[in-house]
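Below you'll find the structure, written out as structure tokens, and then a few comments.
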Amino acid sequence: MRSIWNGAISFGLVSIPIKLVNATENHSISFRQIHTTDGGRIRYRKVCELEEKEVPASEIGKGYEDADGSIIPITDEDLAALPLPTAKTIEIVAFVPASSIDPLQMDAAYYLSANGVPAVKPYTLLREALKRSQKVAVAKFALRGRERLGMLRVVDDVIAMHGLLWPDEIRMPQDVAPEADVTVREAELDLADALMDTLGEVDLDSLHDDYRAAVEQLIAAKVEGGGVLPEAAPEERGGQVIDLMAALEGSVRAAKEARGDEVAEVTPIKGRKRATARTSSAPKASGGKKSTSTAAKKKTAAAKSTTTKSTTTKSTAAKKTASAKSTAKKASPRKRSSA
């Protein structure tokens with residue numbers, strides 16, 4: 001990788017020659033501005049306002065615009081002569097826990113490479129010291145005409161440096177938080193926790209830029225002239241959340257289905273009718289026939305029960321009558337014999 005800055009790390013009285021290389025790269029697809037009527041490129045030319053003619057890069061310098069609009073020329077020699085100890089040095093000023101660095105301060109990332117054989121031993125010493133202390137180093141350095149803050153940490157076997165914004169460059173979140181007072185219930189937090197647990201962790205290496213892939217497919221289709229264009233993305237179902245609990249419950253179910261997990265029933269809050277319960281109890285388009293059939297079956301069963309009871313009653317009455325007649329016949333001969 002090509003270095004963008006050469007200097008040294010100042011670690012107390014130890015000086016470590018290093019090279020600074022970019023740790024990240026931009027894969028975004030860039031577009032050119034064109035004239036829509038004929039497709040010609042739109043270019044910007046650097047023109048001197050006084051002479052009204054284009055100026056080559058070799059004749060372009062720096063200047064500071066004063067409050068009254070006048071320009072004060074600043075040369076590279078002027079900047080190089082500044083009494084700035086960090087002009088060619090990454091000066092470590094402190095070692096702190098990584099948690100003390102606000103992620104809002106994070107800026108560009110760089111790798112620090114040992115520059116030459118004599119730098120290998122002190123470079124390794126600093127790397128191992130950072131590993132054992134489980135801390136990060138806060139440093140000051142100058143790059144591209146300004147002094148910056150940096151955070152040094154170990155990535156694998158390399159010392160990486162994250163540029164940090166100065167504390168006064170972080171804007172306060174005024175008028176950003178919601179002004180309305182809202183009470184979040186424990187049940188809502190429980191469902192939010194369940195959704196977080198269901199989504200779980202992700203391997204960042206498995207994530208990719210879908211937008212860039214779609215743009216590449218679009219460009220390839222236009223180059224081929226009649227190729228397959230990417231399908232339009234479905235419309236987002238946005239809008240106001242009316243029932244937060246229902247939305248959370250639905251999100252948990254959807255996340256579990258996406259992961260292939262069994263969908264567990266979410267216990268509803270007492271006194272609250274769930275939308276799904278109301279939906280399942282309501283008759284469907286074909287539910288009317290099903291309900292009528294059920295009622296008919298109930299009526300038939302009731303009729304059978306009544307018929308059975310009536311038959312049983314008649315049978316019992318008949319048995320009683322037969323028994324009475326038999327008793328009467330037995331009693332009659334006895335009376336005649338006594339006479």
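The values are calculated or read from the model by the stated rules, or taken from the named source; none is laboratory data. This is a predicted model, so every value here is computed, not measured. Here the Cβ is made from the backbone with ideal geometry for all residues, glycine too, and neighbour counts use every protein chain on show. Heavy atoms of the whole protein, side chains included, go into the accessibility calculation; ligands, DNA and RNA do not. Shrake-Rupley method; radii C 1.70, N 1.55, O 1.52, S 1.80 Å.
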Output the qualifying pairs, or none if there are none: Cβ atoms under 7 angstrom, residues six or more apart or on different chains, first residue in segment 142-153 and assigned to a strand (DSSP E or B), second residue of a type in the set (Phe, Trp, Tyr). Leu143/Trp5; Arg148/Phe141; Leu149/Trp166; Gly150/Phe141
The residue from Lys53, Lys19, Lys88 that alone is farther than 30 Å from Val215 by Cα, at pLDDT 90 or above and surrounded by 10 or more Cβ atoms within 10 Å (Cβ to Cβ) is Lys19
Check segment 234-251 and report whether any residue there is open to solvent by less than 40 Å² (accessible area, probe 1.4 Å), in contact with a helix residue (DSSP H, G or I) (Cβ under 9 Å, 6 or more places away or on another chain), over 30 Å from His27 (Cα atoms) and at pLDDT 85 or above. no
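Which ones in segment 96-139 are assigned to a helix (DSSP H, G or I) and in contact (Cβ under 8 Å) with a residue 40 or more places away in the chain?
The answer is Ala98, Leu104, Gln105, Pro118, Ala119, Pro122, Tyr123, Leu125, Leu126.
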Subset of segment 22-50, residues β-branched (Val, Ile, Thr) and either surrounded by fewer than 10 Cβ atoms within 10 Å (Cβ to Cβ) or out of contact with any Asp or Glu (no Cβ under 6 Å at 6 or more places or on another chain) (or both), comes to Thr24, Ile29, Ile34, Thr36, Thr37, Ile42
If you take the residues in segment 70-85 that are assigned to a loop (DSSP other than H, G, I, E, B), of a type outside the set (A, V, I, L, M) and open to solvent by 70 Å² or more (accessible area, probe 1.4 Å), which one is modelled with the lowest pLDDT? Pro85
Taking the options Ala139, Ala94, Ala129, name whichever one is within 20 Å of Pro17 (Cα to Cα) and surrounded by 15 or more Cβ atoms within 10 Å (Cβ to Cβ). Ala139
